[in-house]
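**Q** Dropping a structure here in structure tokens format, bear with me for questions.
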Amino acid sequence: MLWLIIAFIFPIPIFHLWLHGLLPFWRKFPFIYYVVVGAIWICSFLFFREIIPASPQLFEPNRVTIHLGDSMVFLGFLAALGSLITIGPKRFFMYAVLRPEKVKQKRITKWVFKNCPHPAYNGYIFATFGALIYTGNAVVALVFIFLLTTTPIVMWLESNELDERVKGR
């Protein structure tokens, strides 16, 4: 189960960095963006299915860290799910970015977005930290560090791009 969680979360910042880095191209060919994302996710699942079980342990979790970690993974999942429900699939899965003319542009500030502008990203980080403390797995620790370094950049890029879309409507 651990490898599924990590394989799902790990590529998300990569998708968003590429999205914002090549946005004019992706807007011309949105289908290609989704094909690339799908291919990367498949590779991620294949890679982490093999590497996670072979990864060394950094520490041996105890009962408390196992339960705390499980709870954090669940809460991170709820944050991402709350984000999806609040903004809807067209915004959550980047259609609003790739085809801004087909989706009413607005900044969402209700429910989970009321106090947290990026609940899904924060949920991914929270879930990955939970997975780290309930497993002690070295690869999960590296993924957690990767998320901590890339996700703030993604959040900044996304906020700037959203500001431009909302102003340009």
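Every number in this text was worked out from the coordinates using simple rules, so none of it is lab data. The structure presented is a predicted model; accordingly, all values stated were derived computationally and were not measured. Quick reminder, even Gly has a Cβ in these numbers, built from the backbone with ideal geometry, and neighbours come from all protein chains shown.
**Q** Amide H of ASN137 versus every other amide H placed in the peptide plane: which residues, excluding those fewer than 5 positions away on the same chain, fall under 5 Å?
**A** LEU58
**Q** In whole Å, what is the distance between the alpha-carbon centres of the range 128-146 and the range 15-82?
**A** Value for the Cα centre distance between the two parts: 12 Å.
**Q** Right, here's the next one. Quick one, what does Rg over Rh come out to for the chain if you take C-alpha atoms and the Kirkwood Rh? Don't skip to the answer; put the middle values down first.
**A** Working: Rg = 16.9 Å, Rh = 16.9 Å.
Using only Cα positions, Rg/Rh for the chain is 1.00.
**Q** Tell me the net charge near LEU17. Cut-off is 14 Å between Cβ atoms, LEU17 excluded, with +1 for each Lys or Arg and -1 for each Asp or Glu.
**A** On the way: positive: none; negative: GLU158, GLU161.
Net local charge, LEU17 excluded: -2.
**Q** What number, rounded to the nearest 500 deg cm²/dmol, is the helix-based mean residue ellipticity at 222 nm of the chain, given -39500 (n - 2.57) per DSSP H run of at least four residues and division by all its residues? Can you show the working numbers first?
**A** On the way: 9 runs with 129 residues, N = 169.
Roughly -24500 deg cm²/dmol at 222 nm, from the helical runs in the chain.
**Q** Then there is this: For the ranges 117-124, 30-37, 94-101, what's the packing order if you count other beta-carbon atoms within 10 Å of each residue, average per peptide, and put the highest first?
**A** Numbers: 117-124: 21.2, 30-37: 14.8, 94-101: 16.9.
Going from most to least packed, we get 117-124, 94-101, 30-37.
**Q** Sort 146-157, 5-16 for me by packing, meaning the mean count of neighbouring Cβ atoms within 10 Å per residue, highest on top.
**A** Working: 146-157: 15.4, 5-16: 20.6.
With the highest mean Cβ count within 10 Å placed first, the list reads 5-16, 146-157.
**Q** Continuing with the same structure: Can you tell me the FRET efficiency between GLU164 and PHE77 if r is taken as the Cβ-Cβ distance and R0 is 30 Å, rounded to the nearest 0.05? Show your work: numbers first, answer last.
**A** Values: r = 31 Å, r/R0 = 1.02.
That pair, GLU164 with PHE77, gives E of 0.45.
**Q** Can you return the aspartates and glutamates within cross-link range of LYS90? Criterion is Cα-Cα under 14 Å, with same-chain partners fewer than 8 residues away left out.
**A** Once the sequence-local aspartates and glutamates are set aside, what remains near LYS90 is GLU101.
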